[in-house]
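In what follows, a single structure is set out as structure tokens and then discussed.
The values are calculated or read from the model by the stated rules, or taken from the named source; none is laboratory data. From a predicted model like this one, the values you see are computed outputs, not experimental measurements. Note that we place each Cβ from the backbone using ideal geometry, even for glycine, and neighbour counts take in every protein chain shown. Ligands, DNA and RNA are stripped out before the accessible areas are found, and what is left, the full protein with its side chains, is counted by its heavy atoms. Shrake-Rupley method; radii C 1.70, N 1.55, O 1.52, S 1.80 Å.
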Amino acid sequence: IKLLVYLSAVAMILFAIAHLTLLKLLSVVFPGLMKKIHLKMGEKFTMTQNPKFKYEDWGPSFFSLAFIKTVLSVNWCSLGLEAFEGHAAPDTALFTLDGQKTSIHRFLKGNRPLLDEFKQLVKDFSDVADFLVVYLAEAHATDAWAFANNVDIKVHKTLEERLAAARTLVKEDPLCPVVVDEMTNITASKYGALPERLYVIQSGKVFYQGGIGPWGYNPEEVRKVLEKIK
């Protein structure tokens, strides 16, 4: 399984570089076609549906050195993936927003200290599942690969900076506990979760592993999984 993880990481890096090179060439020869293809890509991760962003806010960022560095960083982190469907779910260290150390397994059904609603999914499935948001390394830090007109969050240098960024997320009212990854990014690595990923864990094992976001981020798949459990 680990060999597949390494091969997948290499394939993703090569694909990103090849894709970027092709788009760059098209931008010179056929700029209109390039933008059309790029907008189609944007539809897949809902960028074109976000009223905050114009194409000029996010499109040019894909042609930057920061984007390539981010691709390399994300795939380097994913080499530590240890969460696989049907296998034990890694119990990684996390921090609550008041700085107390905790872990993934402490939030499993029967171990969680409280139950909150996670919007519509939790309203429908609170009898079979608890929900937890793990805040990871910032995907679009303003001093790294960032979109224009976005939230101003820099690369986290300390745990307190990461906690502060997570509190910004809490203001959006996710309706479930929010914890943060350690500065070693151990959770992001073992769960292959950068920039985002959905999991369903049952009895300490990975019951469902979603695709890597943004393209693989699909809450409807989680709904189907929880419907089967229910």
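Assorted remarks:
To keep it simple, each residue is scored yes or no on (1) surrounded by 15 or more Cβ atoms within 10 Å (Cβ to Cβ); (2) out of contact with any strand residue (DSSP E or B) (no Cβ under 8 Å at 6 or more places or on another chain).
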| site | (1), (2) |
| --- | --- |
| G59 | yes, yes |
| K69 | no, yes |
| N75 | yes, yes |
| E82 | yes, yes |
| A88 | no, no |
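- Whichever residue in segment 82-121 is assigned to a helix (DSSP H, G or I) and basic (K, R) and, among such residues, is modelled with the highest pLDDT: R106
- Scanning segment 161-188 for residues that are surrounded by fewer than 16 Cβ atoms within 10 Å (Cβ to Cβ) and either without any contact (Cβ under 8 Å) to a residue 24 or more places away in the chain or among the hydroxyl-bearing types (S, T, Y) (or both), we see that the one that is nearest to T70 (Cα to Cα) is T184.
- When P214 is tested against (1) part of a loop (DSSP other than H, G, I, E, B); (2) modelled with pLDDT under 85; (3) out of contact with any Lys or Arg (no Cβ under 8 Å at 6 or more places or on another chain); (4) closer than 23 Å to S73 by Cβ, only condition (3) is not met.
- Restricting segment 41-57 to residues that are closer than 25 Å to A164 by Cβ and outside any helix (DSSP H, G or I) leaves a set whose member that is most open to solvent (accessible area, probe 1.4 Å) is K52.
- Screening M34 on (1) within 20 Å of the chain's Cα centre (by Cα); (2) part of a helix (DSSP H, G or I); (3) surrounded by 15 or more Cβ atoms within 10 Å (Cβ to Cβ) shows it passes everything except condition (1).
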